[in-house]
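Since the structure comes first, as structure tokens, the remarks are kept for the end.
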Amino acid sequence: MVFNDLKDNKVTSGMVEIGRGLKTVSQHMLRPPVTLEYPEVMPDLSKRFHGRLTLLTKSDGSDLCIGCKACARVCPCVDLIQIEMHRDSAKKPVIDRFTIDMGRCIYCGNCTEVCPVDCIKMLNDFELADYSRQALVLDKAGLSLSGEESDRYRQTHGLEAQV
């Protein structure tokens, strides 16, 4: 009968629960911290991380994009990618305007998969916050990597060099 009184006692059950809580806290105190102190410590991202879009160029700095507009057609965000082009006297495509609204992009990667010349890729850059929406609309100059940066990207990601 005394045992049943101790079992039903709220003080005893409260002490047991406090002991369980202290046990859990003490186990977690011995583990290494999981939280990163961002932005002082940058997270390690996979090579396959879907971040900011970029346009790769040829080694000489000329456009690699052939203006097929496959990326614009496959994009689920309507009018996200806008391409205007013309052909020069040698019938080669010349890109007049290439813009992407990064504020509307859902980072699905469809545009990078469908590109026949692999000129549009996703970088590991995820810090895209800005004070205006217009700053997130990137033109060809804002999207393009230089020839040297494009070559370095291709080398680190195992892509063929474009001449």
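Just a few scattered comments:
- q = 0.11 Å⁻¹: log10 I(q)/I(0) that the Debye formula gives for the chain, counting C-alpha atoms only: -0.58
- C-alpha long axis of helix 147-156 to longest principal axis of the chain, angle in °: 50 degrees
- A simple rule links phi to the HN-Hα coupling: the Karplus curve 6.51 cos²θ - 1.76 cosθ + 1.60 with θ = phi - 60°, which for the stretch 60-71 gives 7, x, 7, 5, 8, 5, 9, x, 6, 6, 5, 5 Hz, with x for Gly and Pro.
- Taking trypsin sites (Lys or Arg not before Pro) as exposed when DSSP calls them loop and at most 11 other C-beta atoms lie within 10 angstrom, the chain has its longest site-free stretch at 1-46.
- Candidate cross-link partners of K47 among the lysines, defined by an alpha-carbon separation under 30 Å and a same-chain spacing of 8 or more, comprise K58, K69, K121, K140.
- The stretch 17-74: GluC sites (Glu not before Pro) in DSSP coil with no more than 13 other Cβ atoms inside 10 Å: E37, E40
- Helix 10-29 and the longest principal axis of the C-alpha atoms of the chain enclose an angle of approximately 40°.
Every number here is computed from the coordinates shown, using simple stated rules; none is lab data. Quick caveat: nothing in here was measured; it's all calculated off a predicted structure. As a convention, Cβ positions derive from the backbone with ideal geometry for all residues, glycine included, and neighbour counts pool all protein chains shown.
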